[in-house]
Structures are given as structure tokens and as C-alpha cells.
């Protein structure tokens, strides 16, 4: 019975460690997906001159799955145009997309993109999207470093804390 | 749905372009006035107003703000200024429902050309109007010996040329028991005839009409000739020698033409060398002139061959 308990404790703490590893990997994936979706957005706006509704609808279907929610919310929010500005709709969509687990600086970067989207000519918008992408790419590099550096740490601490708890309890 | 209901529906569509507070004001108008309203006008620092046949009338007392004008542009473009950039550079935005928003304000230039507006100061929402049936009495004269004959519509600005052109296009492109609908290629450079919005015509131009909008007329005529195998090519306002050359080229390809031109009458037109040559070239077999008589429009058809 004691052995079973010890196994369960180690399993639980080990899972927590693995969750930490998965969060690190997930963050990298989300940032990669955001960057890809911004590239798609730029092509649609600058090459095809698509309207924001078309762009957002397309991204909510065809962007990488992890970021579709953001574009779905923004697209749905367009019904409120007239009551509020596009910037407000975009900002609310970013703020509600908690599943992205973005850090405050990244949220600010993405939110401020809404000040340019659909408001200026294609060159200005391309510049704004490019700026946003660069910042997210910097965040991605940092996230990759954190993932490569910390995943072993998370896994080790998960298992080690379980073993430590078992030793104390036994 | 009666004609009046349809006009009111068009007014209600135009009202949707207004920011919320102004929308409520615009909806306070009586049903009868909504049916005849021609424009909604917004001027910064002045109340919203509506243009009726009897004149302009203010709606409410609240002054239009800069933010409301910006919201109007966001609504009119679907928050996509870039998609309407070419139109904005020409001072207007075509919208859903066939409405058109005219803009004024401080413009900014790029490479010596108007690139857009830094501040909007006023806007006019023109409400689209269709007049079904205006070509009913005219069509038998244009359609003889089992085919449609090339037709030029002549009238001064505001004379109803575009409305008549649209109605003839609609009738030609729609089958009726006496004849099949024709394939009509509509070169709608300024988007006033079909008011294409997201690929759909907002005004009825018939079942078999293919629309090419926002394309300069000479290029548009060649494009539809090559790609759409039209039986009739329709275009609004022949103004340049390039337009005339394109029309003559299309005529030589055996396609019937339907076009409009600004002129008081045939004599006024033949006084201008550009059009005189076109008329002498027998490009158009019919010439329709529009005259306003006792507040009603009258249409007169005459033979357009041999220099009219």
C-alpha cells in the first residue's frame, strides 16, 4: 500500500513537471502560429486587398488551430462596428484569447496592431504587421531558449519533488 | 413589395452606414420622407441632415463629431480602408445596397496625387434609386429584326442616363416570353450602374449580365471582348478619345453596344469633333435623347446612322 502511495505521489509531481514542459512547448507553438497567421494576413491585405472581414474569416478557418479562436472572436466582433471602432473589437478579441497564454508585452504588441489594421493604406499596414511579427519573432526566440533550457529542469523538479515527498512521508 | 417599400428599404440600408446615435435620428423620419430621401449628409459640428426633394432638413440637434465621421468610414469600408483605397482617392466609397458615400476633408498627397484623407470634415450618403419600367416603351424601338441595335443615350448631367442604361441592361439580360436574355458585359468603371459589392451587384442588372467594375473603359471593353463572349457591351459616359476608339473596336467585332454620353442633344454632340467622327462612323444605330418635360422624363429615339 505504501509503495502504491509513493508511486502515485511521484506520478502526480512528475505529471506537474510534464505540464510545465508542455506549457513551454505550447508557448513556442502559439507564437509560431501567430507569426504564420500574420504572414497570411499581410498577404491577404497587401496582395489581394481583401477586406478585414474576409481576412478574419479566412484566418479563423485556415490559420494554425491554436490561434483560430483569436480571429474567430475578432470576426464575430465586427457586428459591433458602428457601436465601437475596429480597434476596440480587435483589442477585446486579443484580451479574451486567454488560451494563447501571451505575456503582457506580447498582448500589448498584438493589441496595438489593431490601431493600424484596416485603417491605413496597404504599405502602412504591411509595416505595422511586419513590426508586430518582428516583436513576436523576438518573443519566439526567447520562448525557444526557455523551452530548451528549462524543460529538463521542469521534468527533473517534477520527479525529484515527488521522490523527496515520498522519502519524507515514508 | 411596392415601389415605395423598396425605396424605404434602400433608405434603411443607407442608414445602417451611420454610427448608432445618428442611426436613431435618421430612423425618426416619416415613412413618406424615407421613400423620397436622396441623401444623408454629415458635416462636422452640424446636425445630421437629409436631402429631400423639397430641400435639406436637419435631423435632431446633436452635432456630428469627428469620431462619428471616422466610424462612418469604418462602416462604409468594413474597417478596410485599403480595400476601398482607389475609390477613396476619387472621393467616394461604394457600399452595400448600392449606396455611395462621398467624402470631404483634408487630403494628403503621395507623389503629387491625392492619397487619402487625414481628417474627414463632411460626408454625403447617396441613396441608390432604381426606376423599373422606364425602358418599357423604348425597348421595342431598340430591338428590331430580332436583334438589339447599338444605342447611344444622350442627356445633360443629372438627366437620368445611368438609370435608363441600367434599366435597358436589365431588360436585355433578362429572358421574357418573346425573346431570350442576352449576354451583356457591363463595363462599370465608377461602380454606379451595378454598384458591385463583394462580387454581387447591389442594383438589378438582369440575369445574364457580367460586370467588370473599377476598370478604365478602354481596357474593360477589350477585356470583356476577349474573355466573356458578350452579345452586348454596356458602358457609361464616353468621354475620351480612348473610350471612342475602344467602342469602335468593339463594334468592328460584331458586338452590339449600349453607351451614354453627356450632351444636351444630338446637335450639341455633333458640334464636338470627337463625337462627330464616332457618329459618322455609324457605330450607333439608335440615338436616345432624354428630355425633362413638366417634371417628367421623355425619351426620343432616332436613327443614329449617317452622322445622325
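FYI, it's all coordinate maths here, none of it is from the lab. What you are looking at is a predicted structure, and each value in this text was computed from that prediction instead of being measured. No Cβ is skipped: glycine too gets one built from the backbone with ideal geometry, and neighbour counts run over all protein chains shown.
Key figures for this structure:
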| item | result |
| --- | --- |
| Crossing angle, helix A:122-169 versus chain A [Cα axis fit, 0-90 degrees, rounded to tens] | 10 |
| The stretch B:247-308: Cα Rg divided by the 2.2 N^0.38 Å rule of thumb | 1.18 |
| Largest-first principal axis extents of the Cα set of the stretch A:1-88 (Å) | 66, 29, 18 |
| Relative contact order (%) - criterion: Cα under 8 Å, at least six apart; region: chain B | 14 |
| Computed over chain B, Cα set: Rg, Dmax in Å | 20.5, 61 |
| Chain A - percent relative contact order, Cα under 8 Å, separation 6 or more | 40 |
| D (Stokes-Einstein, µm²/s), Kirkwood Cα radius, the stretch A:31-153, 1.002 mPa s at 20 °C | 145 |
| Distance histogram for the protein assembly as shown (every C-alpha pair counted, 20 angstrom bins, percent rounded to whole numbers) | 20, 40, 25, 10, 4, 1 |
| Rounded FRET efficiency, nearest 0.05, which uses the C-beta distance separating residue A:141 from residue B:12 and R0 of 41 Å | 0.20 |
| Stokes-Einstein D in µm²/s, Kirkwood radius over Cα pairs - the stretch B:139-303 at 37 °C with 0.692 mPa s viscosity | 208 |
| Angstrom value of the Kirkwood radius, inverse mean 1/r, which spans all Cα pairs in the stretch B:3-126 | 14.7 |
| Calculated Rg and Dmax of the stretch B:1-67 using C-alpha coordinates, Å | 11.7, 38 |
| Nearest-0.05 FRET efficiency for residue B:129 and residue B:265, computed from C-beta distance (R0 22 Å) | 0.35 |
| Two-decimal Rg to Rh for the stretch B:131-187 - Kirkwood Rh, Cα set | 0.95 |
